[in-house]
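Peer 1: Structure provided below as structure tokens; questions to follow.
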């Protein structure tokens with residue numbers, strides 16, 4: 001029961017990041033609308049607003065990946081995977097997490113901390129006049145997102161372990177048999 005509750009807690013965390021990504025997408029749409037309106041109606045360009053677009057896009061993408069992992073939208077060879085029994089799917093997911101997802105995400109997250117710390121220590125800002133200050137904020141999203149991907153990976157591992165043990169098949173489904 002503990003593993004199922006832990007898996008559900010991690011799923012809630014991943015769903016929260018998905019909701020944050022959704023709000024950031026709406027913010028990005030408003031930003032782009034404002035930027036286009038100002039450029040074409042008032043002939044006014046804001047470097048900060050343009051930079052904010054790619055900051056928001058990066059955050060949407062990075063924070064949306066843990067949600068994608070939790071929802072099963074991550075990369076794998078679905079042609080082989082989709083027709084497998086649930087326990088074999090669970091073994092494939094468990095193997096992929098242990099040997100691919102977790103090492104990669106933990107490595108990038110670990111080195112991303114130094115990347116963000118250096119930016120903070122230098123007081124890094126935009127190279128363009130009128131650009132955004134505090135470039136460390138977007139750089140700090142990188143390790144946060146990769147550690148969040150690792151947490152979602154642990155949730156996927158727990159889901160796989162629960163399926164292998166026969167405790168829960170939640171998150172796994174086989175397509176209906178065609179006659």
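The values are calculated or read from the model by the stated rules, or taken from the named source; none is laboratory data. All values reported here derive from a predicted model rather than from experimental measurement. Cβ: placed from backbone, ideal geometry, glycine included. Neighbour counts: every protein chain shown.
Peer 1: If I filter region 81-89 for residues that are in a helix (DSSP H, G or I), within 19 Å of residue 150 (Cα to Cα) and out of contact with any strand residue (DSSP E or B) (no Cβ under 9 Å at 6 or more places or on another chain), do I get at least one hit?
Peer 2: First, pick out the residues of region 81-89 that are in a helix (DSSP H, G or I): 81, 86-89.
Checking the rest, the ones that are also within 19 Å of residue 150 (Cα to Cα) come to none.
The answer is no, given that none of the residues of region 81-89 is in a helix (DSSP H, G or I), within 19 Å of residue 150 (Cα to Cα) and out of contact with any strand residue (DSSP E or B) (no Cβ under 9 Å at 6 or more places or on another chain).
Peer 1: Would you confirm whether any residue within region 13-22 is more than 14 Å from the chain's Cα centre (by Cα) and surrounded by 11 or more Cβ atoms within 10 Å (Cβ to Cβ)?
Peer 2: Applying the first criterion (more than 14 Å from the chain's Cα centre (by Cα)) to region 13-22 yields none.
The answer is no; no qualifying residue exists.
Peer 1: Among the listed residues 48, 19, identify the single one that is part of a helix (DSSP H, G or I) and either farther than 19 Å from residue 138 by Cα or touching a residue at least 24 places away in the same chain (Cβ under 8 Å) (or both).
Peer 2: Working: 19 fails: either farther than 19 Å from residue 138 by Cα or touching a residue at least 24 places away in the same chain (Cβ under 8 Å) (or both).
That would be 48, the only listed residue that is part of a helix (DSSP H, G or I) and either farther than 19 Å from residue 138 by Cα or touching a residue at least 24 places away in the same chain (Cβ under 8 Å) (or both).
Peer 1: Exactly one condition in (1) touching a helix residue (DSSP H, G or I) at 6+ places or on another chain (Cβ under 9 Å); (2) in a helix (DSSP H, G or I) is not met by residue 30; state its number.
Peer 2: Failed condition: (1).
Peer 1: Go through region 23-47 and count every residue that is within 27 Å of residue 146 (Cβ to Cβ) and surrounded by fewer than 17 Cβ atoms within 10 Å (Cβ to Cβ). Walk me through it before giving the result.
Peer 2: Step one: list which residues in region 23-47 are within 27 Å of residue 146 (Cβ to Cβ), which gives 23-29, 31-32.
So of that shortlist, the ones also surrounded by fewer than 17 Cβ atoms within 10 Å (Cβ to Cβ) come out as 23, 25-27, 29, 32.
Residues in region 23-47 being within 27 Å of residue 146 (Cβ to Cβ) and surrounded by fewer than 17 Cβ atoms within 10 Å (Cβ to Cβ): 6 in total.
Peer 1: So, one more: Among the residues of region 126-140, how many are part of a helix (DSSP H, G or I) and surrounded by 18 or more Cβ atoms within 10 Å (Cβ to Cβ)?
Peer 2: Taking region 126-140 and keeping what is part of a helix (DSSP H, G or I), we get 136-140.
Right, trim to surrounded by 18 or more Cβ atoms within 10 Å (Cβ to Cβ) and you get 136, 138-140.
Result for region 126-140: 4.
Per-residue answers, yes or no, for (1) in a helix (DSSP H, G or I); (2) under 24 Å from residue 125 (Cα atoms); (3) in contact with a strand residue (DSSP E or B) (Cβ under 6 Å, 6 or more places away or on another chain):
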position	(1), (2), (3)
35	yes, yes, no
41	yes, no, no
44	no, yes, no
69	yes, no, no
99	yes, no, no
108	yes, yes, no
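Peer 1: Output the number of residues of region 63-103 satisfying the condition of being surrounded by 14 or more Cβ atoms within 10 Å (Cβ to Cβ) and closer than 20 Å to residue 9 by Cα.
Peer 2: 17
Peer 1: Kindly indicate whether residue 112 is at pLDDT 95 or above and in contact with a helix residue (DSSP H, G or I) (Cβ under 8 Å, 6 or more places away or on another chain).
Peer 2: Numbers: at pLDDT 95 or above: yes; in contact with a helix residue (DSSP H, G or I) (Cβ under 8 Å, 6 or more places away or on another chain): yes.
Taking the combined requirement at face value, the residue satisfies it.
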